[in-house]
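Beneath this line is the structure, given in structure tokens, with notes to follow.
Read-outs: derived from the displayed coordinates by stated rules, not from any lab. Just so it is clear, the structure is predicted and the values come from calculations on it, not from any experiment. Reconstructed Cβ throughout: ideal geometry from the backbone, glycine too, with neighbour counts over all protein chains shown.
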Amino acid sequence: MNRLVEYCSSNAHHGTEDVIRRLERERPDVETIEYGCLGNCGMCYLEPYVLVDGEIVSADDAESLYENIVQKLNEAEIDPFADLPLD
């Protein structure tokens, strides 16, 4: 299942574009889409952020943003029902 990471081109000054390029190289399961605006202008001005499957993921800097994105992607891969007996 491909995951979707959306980002705002106006947020690139925070290093977001470098984070996206790294994701594209390291995570083939991730589809990235660049938009001119995601409608979160106040946040976009203040910090690096993206949308991961429609949910905001942000950080204080680009490296932390990458780590937060990967954490969010990995959280969703965990099956919450894996330990339940289904017999």
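In degrees from 0 to 90, rounded to the nearest 10, what is the angle of the helix 62-77 Cα long axis to the longest principal axis of the chain? Result, in degrees: 30.
For the chain, the longest principal axis of the Cα atoms and the long axis of helix 16-26 meet at an angle of about 40 degrees. Here the chain is treated with +1 on each Lys and Arg Cβ and -1 on each Asp and Glu Cβ, and its dipole about the Cα centre works out to around 320 debye.
Report summary: the helix-based calculation at 222 nm, which adds -39500 (n - 2.57) for every DSSP H run with n ≥ 4 and divides by the residues of the chain, gives -11500 deg cm²/dmol. Here the contact order of the chain, divided by its residue count and restricted to Cα pairs under 8 Å and six or more residues apart, works out to 32 percent. Gain on full extension, evaluated as 0.36 nm per residue between GLU24 and LEU4 minus their Cα-Cα distance, stands at 6.1 nm.
Taking the DSSP bridge list for the chain and keeping only pairs wholly inside it, about 50 percent are antiparallel. Placing a pseudo-label 7 Å from each Cα along the Cα-to-Cβ vector at HIS13 and CYS41 gives an inter-label distance of 1.4 nm. With all pairs of separate Cα atoms included, the chain yields a Kirkwood hydrodynamic radius of 13.5 Å. Farthest toward the positive end of the dipole of the chain, out of LEU23, TYR49, ASN11, is the Cα of ASN11, where the dipole comes from beta carbon charges about the Cα centre. Label zone (ILE33, point 7 Å along Cα-to-C-beta; backbone nitrogen cut-off 14 Å) within the range 9-26: 9.
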